[in-house]
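Single-structure report; data block below.
The values are calculated or read from the model by the stated rules, or taken from the named source; none is laboratory data. Because the structure is a prediction, the values reported are computed rather than measured. Ideal geometry is used to build each Cβ from the backbone, glycine not excepted, and the neighbour counts take in all protein chains shown.
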Amino acid sequence: LDGSGQVHQGFIQRRLRTHERREMQKEILSILGLPHRPRPHLSHAKYNSAPLFMLDLYNTISSGGDTSRADGASQLYEPMRTTRSPPLATFQEAAFLNDADMVMSFVNLVEHDRELSLQRRHHKEYKFNLSQIPEGEAVTAAEFRLYKECVSRAFCNDTFLLKVYQVVKEHPDREADLFLLESRRLWALEEGWLEFDITATSNLWVMSPLHNLGLQISVETSSGKSISPKDAGLVGRDGALEKQPFMVAFFKVSELHFRSAR
Amino acid sequence: STGGKRRQQNRNRSTPTQEVSRGPSQADYNGSDQKAACRKHELYVSFRELGWQDWIIAPEGYAANYCDGECSFPLNAHMNATNHAIVQTLVHLMNPENVPKPCCAPTKLHAISVLYFDDNSNVILKKYKNMVVRACGCH
């Protein structure tokens, strides 16, 4: 149909045959730069924090004069969007976004807590698969995001010390070597998303996937006692889906892409 | 530069130069020919119709659009004709068998962003440059 709803004279109206439809899909996938149609496992993933965060970024772009429709999100996200507040994407993300050609969120792959040493029994592990990043994309910024809930049973002036580590090396007979990325003091009553800059770590993981051994966190009380992150209000796997920890990375195309001849 | 001698030859060959002299007027383009003039046509690529809602989160589709129509003399009847298109038309009129008319092609393209899941259920937000035809013109 042309703009006025009239059937264009040059076209024959007919339904596409199955193989034609498949070819058409293949062509559009090619335009999107994808070798095949992705098959995500979406049992819970679609209500997870990462897609909601990404949808916020998408809407930020769309409302900024992009041609794609801001209301174009699939209906399955609508109920979640209306119940969620405040928006996940901050001004910092908006700044990263302006400079980025691609943004990618990564779900935490750790499904079960491992038996760690007594000293690290409260540590939590996080792993992210950065192996499917298209060639030529360079990380310009990356964040590890954790949600902290208010710990109502604590006193107002109680604080916790949260430490985020990069796992540098694993050993079969002893504890893994950790590199402290950041330590941050948290108020017991504060609530919201915590963002940790892991740009350098992500770059290392992209360039050298063998070094991608994940992250660990630990929490201490103000008196130096190690406690479970859950006791400090940090949401883990058993928490709400929209508050699950995840990682987000911003990419810039570092080289020109030419679509190969087909 | 075509030179006086060559112009003379063309005149003797008749057809192309005659076409110049009796080229369609602005009024012609406002009438039935306007339909065939180079312009943007809407074409919506629906990800929903393709059954891709399980992996494309947003948008549901996008107005890809396309350009179609004739680029005929005089070019001022066509919006967005490039300067080069005018040269192309003149050369075509002088040598219609060997030199094609200007093409009806996009003169303004815009980007879209697509939000989708990959195989690992990670989410990708990617900006695709030059995906949407905003304006067509003769080139």
Requested in this report: Test B:Gly61 against the stated conditions and say whether it is more than 15 Å from the chain's Cα centre (by Cα) and either at pLDDT 90 or above or not β-branched (Val, Ile, Thr) (or both).
Outcome: yes
Query raised in the report: Scanning for something under 17 Å from the mean Cα position of the chain (by Cα), surrounded by 12 or more Cβ atoms within 10 Å (Cβ to Cβ) and touching a residue at least 12 places away in the same chain (Cβ under 8 Å), does segment A:217-226 turn up at least one residue?
Result: no
Query raised in the report: Quick one: which of A:Lys163, A:Lys169, A:Lys127, A:Lys148 is surrounded by 21 or more Cβ atoms within 10 Å (Cβ to Cβ) and not acidic (Asp, Glu)?
Result: A:Lys148
Report summary line: Being buried (at least 18 other Cβ atoms within 10 Å of the Cβ), within 13 Å of the chain's Cα centre (by Cα) and of a type in the set (A, V, I, L, M, F, W, C) narrows B:Cys67, B:Cys103 down to just B:Cys67
Query raised in the report: In segment B:114-125, is there at least one residue being under 16 Å from the mean Cα position of the chain (by Cα) and not in a loop (DSSP other than H, G, I, E, B)?
Result: no
Query - Options B:Tyr62, B:Tyr44, B:Tyr66: the member that is touching a Ser or Thr at 6+ places or on another chain (Cβ under 9 Å) and within 30 Å of A:Thr18 (Cβ to Cβ) - result: B:Tyr62
Query raised in the report: List, please: which pairs have Cβ atoms under 6 Å, are six or more places apart or on different chains, and start with a residue in segment B:128-139 that is of a type in the set (D, E, K, R) and end with one that is in a strand (DSSP E or B)?
Result: B:Lys129/B:Ala111; B:Arg134/B:Lys108; B:Arg134/B:His110
Query - Filter pass, A:Glu182 being under 24 Å from A:Phe96 (Cβ atoms), part of a helix (DSSP H, G or I) and touching a Lys or Arg at 6+ places or on another chain (Cβ under 9 Å) - result: no
Query - Extreme residue, farthest from the chain's Cα centre (by Cα), among residues of segment B:21-58 that are among the small types (Gly, Ala, Ser) and modelled with pLDDT of 50 or more - result: B:Gly51
Report summary line: Note on B:Gln53: of the conditions (1) part of a helix (DSSP H, G or I); (2) facing another protein chain (nearest Cβ under 10 Å); (3) among the polar types (S, T, N, Q), unmet is (1)
Report task. Would you be able to say whether some residue in segment A:150-166 is in contact with a helix residue (DSSP H, G or I) (Cβ under 8 Å, 6 or more places away or on another chain), hydrophobic (A, V, I, L, M, F, W, C) and assigned to a loop (DSSP other than H, G, I, E, B)? Result -> yes
Report task. Being part of a strand (DSSP E or B) and more than 30 Å from A:Ala50 (Cα to Cα) is the filter; apply it to segment B:126-139 and report the residue that is farthest from the other protein chains (Cβ to nearest Cβ). Result -> B:Cys138
Requested in this report: For residues that are touching a residue at least 24 places away in the same chain (Cβ under 8 Å) and in a helix (DSSP H, G or I), tally how many sit in segment B:90-112.
Outcome: 2
Query raised in the report: Are any residues in segment B:71-89 in a loop (DSSP other than H, G, I, E, B) and in contact with a Cys (Cβ under 8 Å, 6 or more places away or on another chain), and if so, which ones?
Result: B:Cys71, B:His78, B:Asn80, B:Ala81, B:Thr82
Query raised in the report: Do we find that B:Leu109 is within 11 Å of chain A (Cβ to nearest Cβ), at pLDDT 90 or above and buried (at least 22 other Cβ atoms within 10 Å of the Cβ) in this structure?
Result: no
